[in-house]
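The structure appears right after this line, and notes come after that.
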Amino acid sequence: MVEEVIPTILTLTSFIFSADSSNPPLNGIHFGDHDIIEFRRMREQVFKKNLALNAKVTASSSRTQVKPASLVDGDAGTYWESTDSALTPVITLNFKKAVTFNRLLLQEYIALGQRVKSFRVEVLDHGQYKEIANETTIGHKRILLLPDTRTKGLRITITAAKACPVLSEVQLFRAPKS
């Protein structure tokens, strides 16, 4: 007899946000209606306020017809694109007041293909940038779970790409402590 496994909402959340492909699939695991409703409520709460909306955005390379500000306009239909020769551009977000975040959402403009192979994320800490993540691929949407981080500056460096990177969104959120 096979026992039915009913994981907690925390297990579901950890699985969904994990980028670790070694996690087992959710085959045979059932979630109750209450868990699904609770997960939806938690997701809506976490992603309610995009802290990057008021950031000043600059990029080391941009095509003339697209603006780096498109990265923080909250519209996945707009995008920023580096020039053909810039496969490792740097995107910088600066804030008037320090923001505290623990979720970073990155999104490629997937209509033009997945291009980013790897990237690094740094935050401005006492006048110098400090690395907080070094990751592979972005794809349609990538959400990084990070410790609470307070900063006035965020820098994203594409460290490898198949072609010039095309990103549609950079968003920051602060999930409440569970």
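Computed from the coordinates by the stated procedures, all read-outs in this text should not be read as laboratory data. Note that this is a predicted model, so its numbers are computed, not measured. Every residue, glycine as well, gets a Cβ built from its backbone with ideal geometry; the counts of neighbours run over all protein chains shown.
Summary table
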| item | result |
| --- | --- |
| Fewest-first ranking of I138, I143, using other Cβ atoms within 10 Å as the exposure measure | I143, I138 |
| Spacing of the two label points (7 Å from each Cα toward its C-beta) at K177 and A69, in nm | 3.8 nm |
| Shape category assigned to the stretch 42-148 from the gyration tensor of Cα positions, a/c cut at 1.5 | rounded |
| Net dipole in debye of the stretch 56-173 [+1 Lys, Arg Cβ; -1 Asp, Glu Cβ; about Cα centre; nearest 20] | 200 debye |
